[in-house]
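J.: Here it is, the structure in full.
The values are calculated or read from the model by the stated rules, or taken from the named source; none is laboratory data. Predicted model, so just to flag it, every value in this text is computed and none were measured. Backbone-built Cβ (ideal geometry, glycine too); neighbour counts: all protein chains shown.
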Amino acid sequence: MRAHTVRTALALGALASLMAATAPVSASAGEQGRTAGRPPVLVDCLWHAQVRPADFVLACGDGNSRLVSLHWSRWDARAAVGEGVNMVNDCKPYCAAGRFHGYRVAVRLDKPLTWKKQPKLRQYTRMTLTFKDARPERLPQSVTYPLWS
């Protein structure tokens, strides 16, 4: 019986350690001063805070537009700047049968504000994509999106 109790205690301790290590980025009241120096985050479709992500879904509802192969040259308190590829479904003849096409883009994130879900973090609230070469039909060379919060 004692061996079972010890194993259970060890398993619960390991689980608690794992949960603490994988918990979402947040700050306790004692960390408030340290969070001010943290860079803003990019909030994804699943409400996860990301810093310098390699990919990002723009069309959360259907996944028909996403950024891939992102490389960031700047990520600070005011803005983030990077480059990547915008993969866009042409939806011809309809989206389920459409093909994805890649368009090289420059990405800029800015207008950081307090994140409503985690008030101790700031999140970028605007994204601007500038197409470097070709671009999807009906889109201008540069397009700006508000980001969800």
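J.: Please go through (1) in a strand (DSSP E or B); (2) within 20 Å of Cys60 (Cα to Cα) for Ala80 and return the number of the only condition it doesn't satisfy.
T.: Against the list (1) in a strand (DSSP E or B); (2) within 20 Å of Cys60 (Cα to Cα), Ala80 comes up short only on (2).
J.: Another question, if that's okay. Say whether the condition of being outside any loop (DSSP other than H, G, I, E, B), of a type in the set (S, T, N, Q) and in contact with a Leu (Cβ under 7 Å, 6 or more places away or on another chain) is met by at least one residue in the range 87-107.
T.: From the range 87-107, those outside any loop (DSSP other than H, G, I, E, B) are 87-89, 95-97, 100-107; that's our starting set.
Okay, now just the ones that are also of a type in the set (S, T, N, Q), so 89.
Pick out the ones that are also in contact with a Leu (Cβ under 7 Å, 6 or more places away or on another chain) and you get none.
No, the conditions are met nowhere in the range 87-107.
J.: A follow-up question, please. Scanning for something more than 20 Å from His48 (Cα to Cα), surrounded by 14 or more Cβ atoms within 10 Å (Cβ to Cβ) and without any contact (Cβ under 8 Å) to a residue 60 or more places away in the chain, does the range 65-74 turn up at least one residue? Walk me through it before giving the result.
T.: First, the residues of the range 65-74 that are more than 20 Å from His48 (Cα to Cα): 73-74.
From what's left, surrounded by 14 or more Cβ atoms within 10 Å (Cβ to Cβ): none.
The answer is no, given that none of the residues of the range 65-74 is more than 20 Å from His48 (Cα to Cα), surrounded by 14 or more Cβ atoms within 10 Å (Cβ to Cβ) and without any contact (Cβ under 8 Å) to a residue 60 or more places away in the chain.
J.: Would you mind stating whether Trp47 is out of contact with any strand residue (DSSP E or B) (no Cβ under 9 Å at 6 or more places or on another chain) and among the aromatic types (Phe, Trp, Tyr)?
T.: Numbers: out of contact with any strand residue (DSSP E or B) (no Cβ under 9 Å at 6 or more places or on another chain): yes; among the aromatic types (Phe, Trp, Tyr): yes.
The answer is yes for Trp47.
J.: State yes or no: is Ala79 within 18 Å of Thr144 (Cα to Cα), under 13 Å from the mean Cα position of the chain (by Cα) and either among the small types (Gly, Ala, Ser) or modelled with pLDDT under 95 (or both)? Lay out the reasoning, then the answer.
T.: On the way: within 18 Å of Thr144 (Cα to Cα): yes; under 13 Å from the mean Cα position of the chain (by Cα): no; either among the small types (Gly, Ala, Ser) or modelled with pLDDT under 95 (or both): yes.
Against the criterion (within 18 Å of Thr144 (Cα to Cα), under 13 Å from the mean Cα position of the chain (by Cα) and either among the small types (Gly, Ala, Ser) or modelled with pLDDT under 95 (or both)), Ala79 does not qualify.
J.: May I ask you to verify whether Asp110 is among the acidic types (Asp, Glu), in contact with a Gly (Cβ under 6 Å, 6 or more places away or on another chain) and surrounded by 13 or more Cβ atoms within 10 Å (Cβ to Cβ)?
T.: Working: among the acidic types (Asp, Glu): yes; in contact with a Gly (Cβ under 6 Å, 6 or more places away or on another chain): no; surrounded by 13 or more Cβ atoms within 10 Å (Cβ to Cβ): yes.
Judged against the criteria, Asp110 is not a match.
J.: Turning to a different aspect of this structure: So which residues in the range 98-139 are more than 25 Å from Pro39 (Cβ to Cβ) and aliphatic (A, V, I, L, M), if there are any at all?
T.: Passing the criteria: Ala134, Leu139.
J.: Among the residues that make up the range 128-147, is at least one of them in a loop (DSSP other than H, G, I, E, B), over 18 Å from Asp62 (Cα atoms) and in contact with a helix residue (DSSP H, G or I) (Cβ under 9 Å, 6 or more places away or on another chain)?
T.: Restricting attention to the range 128-147, the residues satisfying the condition of being in a loop (DSSP other than H, G, I, E, B) are 132-141, 147.
Next, from what is left, pick out any that are over 18 Å from Asp62 (Cα atoms): 132-135, 137-141.
Pick out the ones that are also in contact with a helix residue (DSSP H, G or I) (Cβ under 9 Å, 6 or more places away or on another chain) and you get none.
No.
J.: Further question on the same structure: Can you run down the residue pairs with Cβ atoms below 9 Å, 6 or more apart or on separate chains, where the first is in the range 116-141 and over 22 Å from Leu70 (Cα atoms) and the partner is small (Gly, Ala, Ser) and at pLDDT 95 or above?
T.: Lys117/Ala49; Gln118/Ala49; Leu121/Ala49
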